Amino acid sequence: MKRTGIIGTGKYLPENVLTNAALEKMVDTSDEWIITRTGIKERRIAADNEATSDMAVKASKQALSNAGLKPSDIDVIIVATITPDMFFPSTACQVQYKLGAPNVAAFDVSVACSGYVYGLAIADQFIRGGLYKRALVIASEKLSSVTDWEDRSTCVLFGDGAGAAVLEQVDEGGILGVHLGSDGSKGDLLQLPAGGSRMPASIKTVENKLHTIKMEGNVLFKHAVKIMADAALAVTEPLGMKGDDIDLIIPHQANIRILNALAKKMGVDPEKKVYLNIEKYGNMSAASSAVALTEAVEEGRIKKGDRILMDAFGGGLTWGALVIEW
Ligand code: ACO
């Protein structure tokens, strides 16, 4: 059976750079703490008039151009985001309209940081099942819009950005295996409590800052290392692959210490085999691995025939790992 491959990638990062030095003036933190505890030096912040769909469209145009395709060549649009323009219409519908794509299927996927891997996995099934020929998978996040800028334990971590990929059937390589999972019992470790049906927006929810990200970072940290390592194993083992068989790992970029621990568990050299861009962008949720994949391609870190492991973990909890031969 023919597999699904990625035939073009794209990204968009807002111009505005927020450095650790600037954060030192906003909350009680230090450049040294942020770098040693997270690996982050700076992050991008979208403009006030720049919404998630605007960033998604820019990344998509680049992915389409790199694939040598037009919006009219796409059969389905999937947007991974936890910061949609609004509850509804979906961000994917906004992207469909703004791209000028025909009236194709378009929907959002809400699985936090694992969203890009989930989106690629869904597109793979659509294409292999024969329903659609080509898919546009986008991960776009404006986390700055749901960040409590007075909470030093979260505001130093997040950034904004978008990445996109075009997928279609390929003759060689493609997606070799996928593993997705969730554990809702630990949902309260990372959440945006208000604004939904459980706790609709009110003066009280705004006053109590319940429309911003709440996170139990140190508990999540331990889960992240174990879950990402288990997910990597769950996707590579059935393929008969070990750490050595993977040419590059494109992980979700939540914390450099999580990624070093993951590399150790997998027995690979983090310098050589783990792609990192957390230093420049922080944690952009689903967009982190999408931008990382795009930049790894741009920098020539991925060559034809390479085996890439994408491995993500996030709120939900959710996780997703995928092996693709380039
Ligand atoms: N500057 C200075 N000190 C700080 C800061 C800061 N920005 N933030 C916290 N501290 C302090 C704390 O108050 C605490 O002080 P105390 O010891 O006096 O109480 C101390 O630093 C240690 O705090 P911890 O929370 O234990 O720090 P930790 O080493 O765990 O690092 C971090 C925190 C970076 C959040 C880490 O736990 C982490 O990366 N967790 C995982 C996050 C993750 O994977 N999230 C899921 C994906 S994200 C998504 O889905 C959107």
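Going by the structure shown, is VAL291 within 29 Å of PRO84 (Cα to Cα) and more than 14 Å from the ligand (Cβ to nearest atom)? I'd like the intermediate steps shown before the answer.
On the way: within 29 Å of PRO84 (Cα to Cα): yes; more than 14 Å from the ligand (Cβ to nearest atom): yes.
So VAL291 passes the test.
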Quiz item: Within the range 62-74, is even one residue within 16 Å of the ligand (Cβ to nearest atom) and either in a helix (DSSP H, G or I) or open to solvent by less than 50 Å² (accessible area, probe 1.4 Å) (or both)?
Solution: no
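Restricting to the range 296-314, and then to whatever is within 12 Å of the ligand (Cβ to nearest atom) and open to solvent by less than 10 Å² (accessible area, probe 1.4 Å), can you tell me which residue is nearest to ASP171 (Cα to Cα)?
Start the filter on the range 296-314 by keeping residues that are within 12 Å of the ligand (Cβ to nearest atom), which leaves 312-314.
Pick out the ones that are also open to solvent by less than 10 Å² (accessible area, probe 1.4 Å) and you get 312, 314.
Details: ALA312: 27, GLY314: 33 Å.
The residue in question is ALA312.
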Exercise. Can you run down the residue pairs with Cβ atoms below 7 Å, 6 or more apart or on separate chains, where the first is in the range 209-222 and open to solvent by 50 Å² or more (accessible area, probe 1.4 Å) and the partner is polar (S, T, N, Q) and not in a loop (DSSP other than H, G, I, E, B)?
Key: HIS211/THR205; LYS214/GLN191; MET215/THR154
Quiz item: Which of (1) assigned to a helix (DSSP H, G or I); (2) among the hydrophobic types (A, V, I, L, M, F, W, C); (3) touching a strand residue (DSSP E or B) at 6+ places or on another chain (Cβ under 7 Å) is the odd one out, the single condition LEU233 does not satisfy?
Solution: (3)
Practice problem: Pairs only if they're at least six apart or on different chains, beta carbon under 7 angstrom, first in the range 298-326 and at positive phi, second outside any helix (DSSP H, G or I) and open to solvent by 30 Å² or more (accessible area, probe 1.4 Å); list them, first residue then second. | Solution: GLY305/GLU325; GLY305/TRP326; GLY316/SER182
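In the range 277-292, how many are farther than 17 Å from ALA263 by Cα and in a helix (DSSP H, G or I)?
Here is the first cut: in the range 277-292, the residues farther than 17 Å from ALA263 by Cα are 279-288, 290-291.
Right, trim to in a helix (DSSP H, G or I) and you get 279-281, 286-288, 290-291.
Qualifying residue count for the region: 8.
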Exercise. Can you tell me which residue within the range 147-167, out of those that are small (Gly, Ala, Ser) and open to solvent by less than 20 Å² (accessible area, probe 1.4 Å), is farthest from LEU120 (Cα to Cα)?
Key: GLY159
Practice problem: Filter the range 75-96 down to the residues that are among the hydrophobic types (A, V, I, L, M, F, W, C) and part of a loop (DSSP other than H, G, I, E, B), then identify the one that is farthest from LEU192 (Cα to Cα). | Solution: PHE88
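Go through the range 275-295 and give me each residue that's hydrophobic (A, V, I, L, M, F, W, C) and buried (at least 22 other Cβ atoms within 10 Å of the Cβ). Reasoning before the result, please.
Taking the range 275-295 and keeping what is hydrophobic (A, V, I, L, M, F, W, C), we get 276, 278, 284, 286-287, 290-293.
ILE278, MET284, ALA286, ALA287, ALA290, VAL291, ALA292, LEU293, listed by residue number.
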Quiz prompt | Matching entry among LEU176, LEU143, LEU180 (being open to solvent by 10 Å² or more (accessible area, probe 1.4 Å), touching a residue at least 40 places away in the same chain (Cβ under 8 Å) and within 16 Å of the ligand (Cβ to nearest atom)) | solution = LEU180
Quiz item: Are any residues in the range 1-38 surrounded by fewer than 20 Cβ atoms within 10 Å (Cβ to Cβ), more than 9 Å from the ligand (Cβ to nearest atom) and either on the phi > 0 side of the Ramachandran plot or in a loop (DSSP other than H, G, I, E, B) (or both), and if so, which ones?
Solution: MET1, LYS2, GLU15, ASN16, LYS25, MET26
Quiz prompt | Any pair with Cβ under 8 angstrom, 6 or more apart, that starts in the range 231-242 at a residue that is modelled with pLDDT under 95 and ends at one that is among the small types (Gly, Ala, Ser) | solution = LYS242/GLY267
Self-check item: Odd one out for GLN94, checked against (1) open to solvent by 20 Å² or more (accessible area, probe 1.4 Å); (2) among the polar types (S, T, N, Q); (3) within 16 Å of the ligand (Cβ to nearest atom)
Solution: (3)
Practice problem: Please indicate, with yes or no, whether at least one residue in the range 261-276 is within 16 Å of the chain's Cα centre (by Cα) and either in a helix (DSSP H, G or I) or basic (Lys, Arg) (or both). | Solution: no
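The values are calculated or read from the model by the stated rules, or taken from the named source; none is laboratory data. Because the structure is a prediction, the values reported are computed rather than measured. A quick note on method: Cβ atoms are made from the backbone with ideal geometry, for glycine too, and the neighbour counts reach across all protein chains shown. What goes into the accessible areas is simple: the full protein's heavy atoms, side chains included, and nothing from ligands, DNA or RNA. Shrake-Rupley method; radii C 1.70, N 1.55, O 1.52, S 1.80 Å.
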